[in-house]
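Here's the structure we're looking at; comments come further down.
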Amino acid sequence: MYSEKVMDHFNNPRNVGEIDDASGVGTVGNAKCGDIMRMYLDIDDDGIIQNCKFKTFGCGAAVATSSMATELVKGKTVQEALQVTNRAVMEALDGLPPVKVHCSLLAEEAIHAALWDYAQKKGIEIDGLEKPVNDISEKEEELEEEY
Ligand code: FES
């Protein structure tokens, strides 16, 4: 049911933890399943993501997608990190079962929330970044129509 990569990231999640004095922190949840994810970003003066850590209180797919998302955004610019969509995370994991697609949305939204927090702290605007939501279950309904 799950790809080897999903199982690997679930069993050995990368970048679990917190970053002290993070440049940006984002927390999102899904009211329907009750899962919560928090992302920490360390962004240098050139706008490069030097480090990314996460904490996820959620299902195995949420752990695997957050782990992969942290790997994908590390070393990227803020603009490049915006391209790390739930689809990109799923592709990097060799797919997720349809009922678990919404878990990957939590990872995308948590990155956006952390970037939003970074932009707020710096007093800048990030092109293409919309204000993140705290509860993604509304977005999830749009997603269900897509898949
Ligand atoms: Fe809620 Fe996976 S079931 S994030």
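The values are calculated or read from the model by the stated rules, or taken from the named source; none is laboratory data. Only a predicted model underlies this, so the values are computations on that prediction, with no experimental measurement involved. Methodologically, a virtual Cβ is constructed for each residue, glycine included, from the backbone with ideal geometry; neighbour enumeration extends over all protein chains shown. For accessibility, only protein heavy atoms count, side chains too; no ligands or nucleic acids. Shrake-Rupley method; radii C 1.70, N 1.55, O 1.52, S 1.80 Å.
Some points to look at:
- Residues of the range 1-39 satisfying the condition of being open to solvent by less than 20 Å² (accessible area, probe 1.4 Å) and either more than 16 Å from the ligand (Cβ to nearest atom) or of a type in the set (A, V, I, L, M, F, W, C) (or both): Val6, Gly17, Ala22, Gly24, Val28, Met37, Met39
- In the range 51-67, the qualifying residues are those that are more than 10 Å from the ligand (Cβ to nearest atom) and open to solvent by less than 20 Å² (accessible area, probe 1.4 Å), and the one that is nearest to Gly24 (Cα to Cα) is Cys52.
- Residues that are more than 20 Å from Asn134 (Cα to Cα) and either surrounded by 21 or more Cβ atoms within 10 Å (Cβ to Cβ) or touching a residue at least 12 places away in the same chain (Cβ under 8 Å) (or both) within the range 68-86 comprise Met68, Glu71, Leu72, Val73, Lys74, Gly75, Lys76, Thr77, Val78, Gln79, listed in sequence order.
- Of all the numbered requirements in (1) more than 16 Å from Val63 (Cα to Cα); (2) within 15 Å of the ligand (Cβ to nearest atom); (3) open to solvent by less than 30 Å² (accessible area, probe 1.4 Å); (4) not charged (D, E, K, R), Val89 misses one, and that requirement is (1).
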